[in-house]
Each structure stands twice: as structure tokens, then as C-alpha cells.
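The values are calculated or read from the model by the stated rules, or taken from the named source; none is laboratory data. No experiment lies behind these values; they were computed from the predicted model shown. Here the Cβ positions follow ideal geometry from the backbone for every residue, glycine too, while neighbour counts run over all protein chains shown.
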């Protein structure tokens, strides 16, 4: 089942028709309220989510999905008329799996749906350990919380994923290519400045403990008690 959350009935019906023609079962929702009601009855395999809605916006909906253990891993494709880089980054940083800008071609739309569903099906199971530690940093994967010296730290979805990757591989140099692939699911290093921005804010939020995220010049980053290359 694919949920389509879109207040424009013509676009919603077009998306439903395109997906149904390709063998997918769909349910259309015109606003956040109808989406949350539908979610009580059936968990979707994928959510096609518009940003501009009459009640809650798509970013708010996405944040709630990611904060709920039952829907944290549900794939989400944002579909919106917002096309600036900051809008795309905002959607991906909140945990969207892909971002499609209006107007879009139906073939591209279906291709992106298939790609996201393939990635979701092939995703590796979560690590057996529910808690990861490094120094004063404690990440609880069940509660999805991060604490530094006992104090909870609020992270965005991508900051949490980035820290999780570092904590899984302490003292290991993580190349920029690997970070982009595992956290942002892309090989496009033209967007690698995104890594620098997120590492910078992650360090700030972790306080003194953030100094353990070391820069490895011309390669990437590592979580380490040793010094950095720069």
C-alpha cells in the first residue's frame, strides 16, 4: 500500500492512476488529518508526501513519522513545487528518502518510486546492539536518543544517522564517499559539502565530546581519541 498525501485532487488522482497502472495499491489523503487517520488502520510501504498542506506541512508530518518507532523506517518521497536547494536539503535532512519537484514526468515519478522501494527492501537489518557508546556519548537506538554525560542532545534525523555511523565504526577512517552513500544514499560528491555542514553542527551539539569527530584531511572523518590531520 502506498499513501499519497496531496491536497490538489488533480495531482493526487494522477499519481494514484499512474501507480495503479503499474500494479501498486494506493490510498489518497487530502490533508494531514486524513493521513493520520488512515495510518491507524494500515501501515504503508511508502508515503508520497506533499509539502504544502492545509493543516500540517510535509516537514512536520515527516518529523513525526521519523520520531515514531513504528514508522521510523517507512520510506517517504517528498513531492513539492519548492525547488530551491535549501528546500531539498531540508526535506532530505528531515529524513526523506527522495525528493521530486513539480512538475514531473510520470515515467520519472514511477522510476523513483521503484528505486525507493528497492532500497527499502534491500536495506540491511538494524544492528543487534541497541546502545552505542564512545566516551561520554551514548546513543540508544530503541529510544532514538543521544546523551552526552547524561544530558540529552536533540539531533536532526541526518545528524543522528551520521553519529550512528561514526559510533558503529570507532577509530575507523570513513571516506567522504562512504559517508555520502550510507547516510545520504548518493554517490554524488558534488553534494559532499553537506557532510561538512552536518559534521560542524553535530560537533557543536555534542559540545566537548564532539571534538572526538576528527577530520582526516583529503579523505573524510573518524571518531577517535587521536588528533586530526588539520
Filter the range 148-172 for residues that are surrounded by fewer than 15 Cβ atoms within 10 Å (Cβ to Cβ) and without any contact (Cβ under 8 Å) to a residue 60 or more places away in the chain; the one that is nearest to residue 94 (Cα to Cα) is 154
Here the residues within the range 19-38 that are loosely packed, with under 13 Cβ neighbours inside 10 Å and touching a residue at least 12 places away in the same chain (Cβ under 8 Å) are 22, 25
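Yes/no per residue for (1) at pLDDT below 75; (2) under 19 Å from residue 35 (Cα atoms):
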{"position": "65", "(1), (2)": "no, yes"}
{"position": "87", "(1), (2)": "yes, no"}
{"position": "96", "(1), (2)": "no, yes"}
{"position": "100", "(1), (2)": "no, no"}
{"position": "106", "(1), (2)": "no, no"}
{"position": "109", "(1), (2)": "no, no"}
{"position": "114", "(1), (2)": "no, no"}
Among the residues of the range 3-18, the number that are surrounded by 18 or more Cβ atoms within 10 Å (Cβ to Cβ) and either more than 16 Å from residue 78 (Cα to Cα) or touching a helix residue (DSSP H, G or I) at 6+ places or on another chain (Cβ under 6 Å) (or both) is 3
